[in-house]
1. Residues to consider are VAL49, VAL31; find the one that is at pLDDT 75 or above, open to solvent by less than 100 Å² (accessible area, probe 1.4 Å), more than 30 Å from PRO175 (Cβ to Cβ) and not in a loop (DSSP other than H, G, I, E, B).
2. If LEU130 passes every condition in (1) buried (at least 17 other Cβ atoms within 10 Å of the Cβ); (2) in contact (Cβ under 8 Å) with a residue 40 or more places away in the chain but one, which one does it miss?
3. Tell me, yes or no, whether segment 86-94 has at least one residue that is open to solvent by less than 70 Å² (accessible area, probe 1.4 Å), assigned to a loop (DSSP other than H, G, I, E, B), at pLDDT below 85 and of a type in the set (A, V, I, L, M).
4. Which of the residues belonging to segment 134-177 are open to solvent by 30 Å² or more (accessible area, probe 1.4 Å), out of contact with any Cys (no Cβ under 9 Å at 6 or more places or on another chain) and assigned to a helix (DSSP H, G or I)?
5. Restricting to segment 109-133, what's the tally of residues that are part of a helix (DSSP H, G or I) and among the hydroxyl-bearing types (Ser, Thr, Tyr)?
6. Give me the pairs: first residue in segment 89-104 and within 21 Å of LEU79 (Cα to Cα), second residue in a helix (DSSP H, G or I) and of a type in the set (D, E, K, R), beta-carbon distance under 7 Å, and six or more apart or on different chains, which are they?
7. Take the residues of segment 61-76 that are part of a loop (DSSP other than H, G, I, E, B) and open to solvent by 50 Å² or more (accessible area, probe 1.4 Å): which is farthest from ASP148 (Cα to Cα)?
Amino acid sequence: MSDVHANAASTDHDGPHEGPIKTPKQLVWTVIASFVVPIIVIILLTQFVATGKKPAAGSDGMGEEAVARRIQPLGTVELRDASDAASLKTGEQVFQAQCSACHTTGAAGAPKLADAAAWGPRITQGLETLVNSAIKGKGNMGPQGGGDFSDFEIARAVVYLANQGGAKFAEPKPPAAAASAAQ
């Protein structure tokens, strides 16, 4: 009996091996499908990824305003003619732009605007000392209070602040180039 099983197994093993493709027509269709199907899948995937905006839930990250905020310029360049006295800021303008944050609230120990008691001892030091402190910085105040103004504009702001606190300082003279242009 064992010979019968051995002969049957050897005949099955030695028989012809056939695959799923039996005709040339099936071979042609298989080759075409092996090229076309991956291309169709790739096209569909790219269409899925590329179509429409798909922001996260609750996010306006792709909105026009959000994009505009992200690409806005970080700074600007302002060119001024130092000889043009009209382009220079007044003391009040410099105060509003740079000094008001601390001098209206008294932050970081800054003397408040129009506080005669706080400004009295400072005024006795003289205008030149006050201007020098404002330009170079003193205590918690950085140079120019962190601003970017000309020394003449800073002097105007110091006169404005001190005069609001009881001083009688005269408005500083414009720089030499501006003075000669004005005449």
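The values are calculated or read from the model by the stated rules, or taken from the named source; none is laboratory data. Since this is a predicted model, take the numbers as computed values, not measurements. With ideal geometry, Cβ positions are generated from the backbone for all residues, glycine too; neighbour counts draw on all protein chains shown. What goes into the accessible areas is simple: the full protein's heavy atoms, side chains included, and nothing from ligands, DNA or RNA. Shrake-Rupley method; radii C 1.70, N 1.55, O 1.52, S 1.80 Å.
1. Numbers: VAL49 fails: open to solvent by less than 100 Å² (accessible area, probe 1.4 Å).
Step by step, each of VAL49, VAL31 is checked, and only VAL31 is at pLDDT 75 or above, open to solvent by less than 100 Å² (accessible area, probe 1.4 Å), more than 30 Å from PRO175 (Cβ to Cβ) and not in a loop (DSSP other than H, G, I, E, B).
2. So the condition that LEU130 fails would be (2).
3. Checking segment 86-94: at least one residue is open to solvent by less than 70 Å² (accessible area, probe 1.4 Å), assigned to a loop (DSSP other than H, G, I, E, B), at pLDDT below 85 and of a type in the set (A, V, I, L, M).
4. Residues satisfying the conditions are ILE135, LYS136, PRO143, GLN144, GLY146, ASP151, ARG156, ASN163, GLN164, ALA176, ALA177.
5. Taking segment 109-133 first, the residues part of a helix (DSSP H, G or I) are 109, 116-123, 127-133.
From the residues that got through so far, the ones that are among the hydroxyl-bearing types (Ser, Thr, Tyr) too are 129, 133.
Here the count works out to 2.
6. Taking only residues 6 or more apart or on different chains, the pairs are LYS89/GLU153; THR90/ARG156; GLY91/ARG156; VAL94/GLU153; VAL94/ARG156.
7. From segment 61-76, those part of a loop (DSSP other than H, G, I, E, B) are 61-63, 72-76; that's our starting set.
Applying the additional criterion that residues be open to solvent by 50 Å² or more (accessible area, probe 1.4 Å) yields 62, 72-76.
Details: MET62: 35, GLN72: 21, PRO73: 18, LEU74: 16, GLY75: 13, THR76: 13 Å.
Per the stated criteria, the residue is MET62.
Residue-wise test of (1) modelled with pLDDT of 85 or more; (2) of a type in the set (Gly, Ala, Ser).
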{"position": "GLY142", "(1), (2)": "no, yes"}
{"position": "ALA157", "(1), (2)": "yes, yes"}
{"position": "ALA162", "(1), (2)": "yes, yes"}
{"position": "LYS168", "(1), (2)": "yes, no"}
{"position": "GLU171", "(1), (2)": "yes, no"}
{"position": "ALA181", "(1), (2)": "no, yes"}
